[in-house]
1. Does any residue of the stretch A:828-842 turn out to be in contact with a Leu (Cβ under 8 Å, 6 or more places away or on another chain), without any contact (Cβ under 8 Å) to a residue 40 or more places away in the chain and surrounded by fewer than 17 Cβ atoms within 10 Å (Cβ to Cβ)?
2. Would it be correct to say that A:Gly815 is crowded, with 20+ Cβ neighbours inside 10 Å and touching a strand residue (DSSP E or B) at 6+ places or on another chain (Cβ under 9 Å)?
3. Taking the stretch A:595-617 as the region of interest, how many residues are crowded, with 20+ Cβ neighbours inside 10 Å and more than 26 Å from A:Gly949 (Cβ to Cβ)?
4. Going by the conditions given, is A:Thr515 surrounded by 19 or more Cβ atoms within 10 Å (Cβ to Cβ), at positive phi and within 14 Å of another protein chain (Cβ to nearest Cβ)?
5. Taking A:Val747, is it closer than 28 Å to A:Val686 by Cα and surrounded by fewer than 21 Cβ atoms within 10 Å (Cβ to Cβ)?
6. Filtering the stretch A:750-759 down to residues that are surrounded by 15 or more Cβ atoms within 10 Å (Cβ to Cβ) and in contact with a helix residue (DSSP H, G or I) (Cβ under 9 Å, 6 or more places away or on another chain), which residue is farthest from A:Met676 (Cα to Cα)?
7. Suppose the filter is within 12 Å of chain A (Cβ to nearest Cβ) and in contact with a strand residue (DSSP E or B) (Cβ under 9 Å, 6 or more places away or on another chain); does B:Thr245 pass it?
8. Quick one: A:Lys620 ticks every box in (1) closer than 18 Å to A:Ile761 by Cα; (2) among the basic types (Lys, Arg); (3) open to solvent by 10 Å² or more (accessible area, probe 1.4 Å) bar one, so which box is it?
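The values are calculated or read from the model by the stated rules, or taken from the named source; none is laboratory data. Predicted model, so just to flag it, every value in this text is computed and none were measured. Backbone-built Cβ (ideal geometry, glycine too); neighbour counts: all protein chains shown. Surface areas here come from the heavy atoms of the whole protein model, side chains and all, with no ligands, DNA or RNA. Shrake-Rupley method; radii C 1.70, N 1.55, O 1.52, S 1.80 Å.
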Amino acid sequence: MTSHRLPVQPGELIDRDDLVDFRWNGVEHGGFAGDTIASALAAGGVEVFSRSFKYRRPRGILTADFHDPNLFVQVGDEPNVRAGHRRLAPGMNVTAQGTWPSLEFDARAANRIVGRFLSPGFYYKTFISPASLRSTYQRILRRFGAGGKIDPATPPAHAGKRFAHPDVLVAGGGPAGMAAALAASHRGARVMLVEENHRLGGHLLYGGPDAAPPLAELCAQIEADDAIEVLTDSVVSGRYDHNWVGVVERHGGEEHLVKARAKCLVVAAGKIERPFVFAGNDLPGVMLSGAVSRLINLYSVAPGTRVVVATANESGDAAIADLERAGVEVAEVADLRRSSSQLVRAIGKGKLEAVELSGGRKVEADLLVTAVGWTTPTSLLNMAGDRPVYDPAAARFLPGDLPQDVLAAGGIVGDGPVESIVEHGRFVGFEAGRRALTTRAAWQRLTPRAEPSDEVAAESTDIPELPAAGHPELFAGPTDGFVDFSEDVKGSDVAMAVAEGYDSMELAKRYTTATMGPIQGKLGGVNAVAVHAAAAAATIEATGTTSWRPPYAPITLGALAGVDEDPVRYSPMHDWHVANGATPIVAGQWIRPDHYGDPSREVLNTRSNVGIIDASPLGKIDLRGRDVTKLLDFVYTNRWESLRVGAVRYGVMCAEDGVVFDDGVTARLEADRYYMTTTSGGAGRVWNWLDEWLQTSFPTWDVRTTAVTDGYAAMNVAGPRSRELLERVASEVDLSAESFAYMNGRVATVAGVTDCIILRIGFTGELSYEVHVPAGYGLHVWQSLLDAGSDLGIAPFGLEAQRIMRLEKGHFLVGQDTDGLTKAHTAGVGGLIKVDKADFSGKPELLWEGESGAPRRLVALQPVDGSVVPPEASQIVDSATEVSRTIGRVTSSRMSPTLGRSICLAIVDTPYGEGGATLTVRLPEGRDIAATVLDHHVHLDPEGERLRG
Amino acid sequence: MARYPSRYSALSLLRKGATRSNWPRAWRHHELKSSYDVVIIGGGLHGLATAYYLARNHGITNVAVLEKAYIGGGGSGRNTAIVRSNYLTPEGSAFYDRSVQLYEGLTEDLNFNIMFEQRGHMTLAHNDASLRTMRWRAEVNKLGGIDSKVISPAEVKELAPAIDISDRPRYPIHGALWHPPGGIVRHDAVVWGYARGADARGAHIHQGTEVTGIDVAGDRVIGVQTSHGPVATPIVINCTAGWSTLIADMAGVQLPITTRPLQAAVTEPVQPFLDPVIVSGTLHVYVSQTARGELVFGASVDPYSSYSSRGSLGFTEGLAGHVLELMPGISKMRLLRQWAGLCDMTPDFGPIIGPTPVDGFYVDVGWGTYGFKAGPVAGEQVAAMVATGAIPELIASFGLERFEEGALTAEKGAAAVGH
C-alpha cells in the first residue's frame, strides 16, 4: 500500500525512530510510536475500519479521536477498542469487529438493498406470526449485534483503585483547563487536572503552528507547578452527589479508577464537533474538520489527495490551511456561512468519489471535510443538576445554572481566541480555588487540630463573560443522511418515528435507538434533536435533549470492580482443621469444617463421650455501660432486667415487623459488662441494629458496643464428659454443677490463658461449655483441650454434626427454619415474648399476632417410616383436596444417628400443626409419605436431663 | 392518509417499503374530554395494559390514561425487562404464571412484536442455604405446574459457558434454579403495543397531562384535576409507581409504601455469548444480554428511601465486582450507562391491588421490583375487577386490607433479589 505519511510536521506526536509492528486483520502493518491504531492504518492507506451495525456499510475515519463511532476495533481479547485514541503497541493484534466473512466483503451488506424495508422499529412490526418461527428469527437478529467478541477465558483484569482529595479537580486539559488549574494552584489549591487525550493541550495540540507557542508556555507552567497532578489518557467519568468524582486512568487497555472528593469541580470539556446530516455522510472519505487537523498535525498523515471542504466556522478554515500545508489539493470550498444548502450529497461506492454541490454540480474528490458546528459535552454539568439551555444564535446548548461547587470554563461556555479562552480559564480557576479553600477551611474547623486552619479571603471573583460566538444553525442538509452512525439511524428514521406518534424526544430515541449506542449523544445527539424538532414542527429549545447519564465515557468492568476486597474469614484453628482432614464448607464469609469424615460418628461420640467444635464464626459483641439491660430489653423479645451477674439468657430478636431475624445468648459477666453472641451470619447485622437504635432512638443511654467476633476464638465442648475435660484445663473457676449451673457464664483461665469466657449453654442438647478465648490463643487452647481429653474419647465435630444435634434437640435455625415472614409466635417462641414490657422491637406486631393467632407454625415432624428422610423443601400437601394444595414445607431434615430414624422441622399452616396429626409429605420425586407432628419441637431428651446434668 | 389502525406484518412492511409510504400514528392525539367512565393515572405498562383489557375484554372504551410525561418513561422504561414465574409462594407463582402466558401470546394479541426471548432464567446458589431456597422454589413451582428445577454446576456451565464454576470464586456455584420459560422482553415494545392496542379500541392516551388532585365527595371519587383541566369520572385507578403514595394521598388514602431507588446499568454491545438470564441473590445482581448485544445489569433496591433516578458510583463498583465474580472473562467490557428506577416497597413485598376505602378509587401499586413482569396480568385482572366489581381469585390475596387483617403475602420469604 502507498504511504500517506507526510514529511515531518511541527507538532507531530510520532517518533519516527521507533517503528512499531502490528497486525490488522491478519496482515502485518507498521507504524510509529505515538501513532494511534487509526493513524497508523490511515498512514498505510487503510480507508475502511468497520462495518455499520444495521446496513453493514463500510465506515472510515470520522473524528479520529476517542469518540469516533466508526473506529471500534478488536485488540486481542479486548472488544470495542477506540482505534482513534488507543496508541499503537508492538505486536498488537487488531481486527475489525463483527464482520462476516470479512471487512472487505460483508455478506450481510445485502441489508442495504432491503434497507428501505428496515425502517425504524421494523422488528416490532414483523415476525408476529407464526409464533413458532419467532425464536429462529430472534437468533438471526442477535447475529447482527454490534460490537466485538468476548472470550470467556480472558484472565480477569482487576486493577487497583485509589482515592484522591484534590481541592480543585479540572476536567479537561485544553487551554481553559490548563489555565484554570494554574490559577487555582496559584491561589493555594491542590489541583488534579484530567485530560482525555495522551497530551495536554486540547485543540491547541492540533491547532497548527500558531497554536504552538501558547501551548508550550502553558505546558511549561504546568510542568513547573508541583501542586498540579496531571492525569493524561484519563477521563472524568461521572460527577455524583457532593462532588464525588470518578476518574478513569487509562494506560492503554488497563484502566484504574480514581475516586476523588473534589471541593470544587471545574468542567473545561471544550466542544465536540458535530457531523452534518446529508446523503452519503457516512462514506469513507467524509470527515469532520477536527479529524483532518488531527491526522495532519498530530500524526503527519494525509487524509486524502483531493478535497472538498464545507465549512461554517474557523475550525473548517483551519483544516483548509492544514490541508494546503500538507499538499492536499483543495478542489472546492463551500462556505456554508453564506448558504447552508450548498452541500447536497457525497457520492461513492464503498468510499467517497465525488461531492454533489448545489445546482447539481459534482466535484471529484476522495475527501470531504465538514465543519458545521458543535455539541457541548455538558454531561458532567447535567450530573450536577444543570439543564443546558439551547442558544439558537450559537446553534448549540450552553450550561444553565450550576451549583456552588461546580464551575464551567472555556469552550463549553463560549468562544474566542486562545487568549480569551485562557483568560476565562484563569478567572474560573481562581474562583474555583477560592471556593475550594473556603470549603477546606470549613472542613478543617470541624476537625480539632493543633494548628489553626488556613483562612481564605472570602471575596469572590467576578468571572468575565465568555460569549458564545454566532454560528449558523446547521444540522441537516437537503438530503437524508445518518444522524447516529453507531446505530445506523437516519434523519428520515427520526422523522418517521415522529410521524408514527413517537413524538417526544425520549420516545423517538427509544424507537429509533438514536443516541443509544456506545457514543451515546456526544456526536449525533443535537442533530437528532434538531431533526426531531423539524419533523414535529417544534423548536429545539422545546424538544430538549435526552438525559446524559454517567459514565461520560465507558469504563471497563475491571476498573470499576478493582481488586476483590470481599474478605474470606478463617478461625485461628483453621490450619489444624485442614491438617486433620476436615471437609470445608462456605458459611457466609467463613470457611469452616463441615465434618471430619463421618458426621454420624461425630454425633454419637459427642452424645456418649465428648466432642469439640470450632464455633469461632459466632457473632460476638462486647456490651458495656449502665444501660445495657435497657438495650437488651428493647432488642430481645424477652425480659432482661432480672439478669444477675454470672447468668446467661437466650433471646430472640425481631425486626419492627415482628419477624425473627436473629437469636443468641447474652451473658452478664460483671455489673456493667455483658457478652452477646449472635448467629454467624448475623454478626454484622446485629451490631448495626444495636448501634442504629442507640444512635437514633436512645442516644442518652450509657451503652458502648464493640464487635469482637474476630477478637475471640470460640469452641464448644459438648458431651457427658465435657465437665471432666474442662476441669483438667480450666482454673480459677468452680465447674461443679452446684456453683456453675446451666445458663451461667464465668470469666476464667483456660490452659493458662486468662480472661477466657466460659458459657454453660447447649445448642447440641448435651452438657456443654462454650469457651471463648482471646483469638491469638485459640489454637493453643483447642490443642490443649484435645490433648487433655484424649483418654476421654474427645473428637472434633463439624457443622454437619452440630446441625444434626440441634435438630435432634429441636432448635430452629434463623433463616432456615424461619423465613422473611416468620414472626416469633410462628417460630414457636411465644413464651419468650413479654408483651407487658414497656416497648421492644416488633412489639405491636407480636401483640397482634399473639391475639389473632399465627397463621403458620413451626413443628417437629417424624416420618412414619423412619428410614425415609424427606429432603429439605419437600412440600407438605393437603391430600384431602382434589388438587394438591401446599400447606407447608419441611425446613430441616436429617437421619438422627442417636434415634436411628429420620427427624424434621417443618412450617405448616396452623390448623394442620396440632401434635399427633398425620401429614402428607410430597417427596421431590413425586411420592407421598406420611409423617406425624410432635407435641413439641424436641426429638431427643425433651426433659433436658442431659443438658442440665 | 393511511388507514387506521394499520395492521403490522412482514407483508405490510414490504408494501410500505416498496411504496415508501408512511405508517399511521401508533396512537393518536385527543382533546381531553370533560368526563370519562374510567380515568387511569399513569401511562406506564400497568396503566396502558389496564386500558387495553378494559376495552378488549369488557368493552369499556370511554377511558382516559393520564400520563404526566411520556408513556413508559417511569418504571416501564427503567426495569431490566425480565419475565419469569418461578415464584416462591403458590399465590405468587400462579399470578406470574398467568403473566408469562400473557407475555407468550402478547405479540400476536397486540399485533406488535414485543420480542419476548425465552432464553431461560437461572438463579445461582452459592451456598447451602440458597440451594435450599432453590429447592423450595422448585418444589412449589412443580406443584403449580411451572417448569422449574434445580440443576448442577455442570449444567450451569453448559447453559452459560461464561460462568466460572470452578472453586476459585469467593462465592463458588453449588447449583441453580433453572426456569426455561423465563426470559427478556423489549420493555418499551410492551408499552407501545398496549398503547397502540388501547388507542385502537377507543381509549384516550393523554401524555403531558399531570394529575394535580382527586375529587372525592363523601366517600366517593367524582373526578380528577389535571394540568389541562378537570375531568369528571366515577372510577379512578392509580397505576403509578414511585409517586403512588402521593397520588393516593390526593384521595385521602394512605398506603403502606416506601419508595426506594433500584439501580441498573448497561454495557457496550458485544457479540452474543450469554443466552439465559443469570441471577445471583448472594451477589445482589442479575445479568442478561439483549438482542443488541449489551449486557443489562440490575441490583437489589438501594437501602434508603429516595425519589432520585440518578445512579451512584459505588453501585457500579459493587456491581462490576459481583459480575466479574460470576464471569471473570468479561473484565474488558465497558459500562456504558447507569440509571435508577423507583420501587414502591410494601411491608411484605407483595403488590397492593384492589379497592380502597374511597369508593371508585382503585389502586394497582406497590410493585416493588416485580412490576414489569406483572404488567399484563395486573392489567387484565384490574380491568376485570373494575368491570365486574368483583375481585378475581388471582389477585384476592393482594388487597390493601391485608395489612390490617395480617394476611400478608409470603414473597418476602424469598431471597432478597428475586429477579
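1. Yes, because at least one residue in the stretch A:828-842 is in contact with a Leu (Cβ under 8 Å, 6 or more places away or on another chain), without any contact (Cβ under 8 Å) to a residue 40 or more places away in the chain and surrounded by fewer than 17 Cβ atoms within 10 Å (Cβ to Cβ).
2. Working: crowded, with 20+ Cβ neighbours inside 10 Å: no; touching a strand residue (DSSP E or B) at 6+ places or on another chain (Cβ under 9 Å): yes.
So A:Gly815 does not fit the description; no.
3. Result for the stretch A:595-617: 3.
4. On the way: surrounded by 19 or more Cβ atoms within 10 Å (Cβ to Cβ): yes; at positive phi: yes; within 14 Å of another protein chain (Cβ to nearest Cβ): yes.
Judged against the criteria, A:Thr515 is a match.
5. Against the criterion (closer than 28 Å to A:Val686 by Cα and surrounded by fewer than 21 Cβ atoms within 10 Å (Cβ to Cβ)), A:Val747 qualifies.
6. Here the residue is A:Ala751.
7. Criteria not met by B:Thr245.
8. Evaluating A:Lys620 over (1) closer than 18 Å to A:Ile761 by Cα; (2) among the basic types (Lys, Arg); (3) open to solvent by 10 Å² or more (accessible area, probe 1.4 Å) leaves (3) as the failure.
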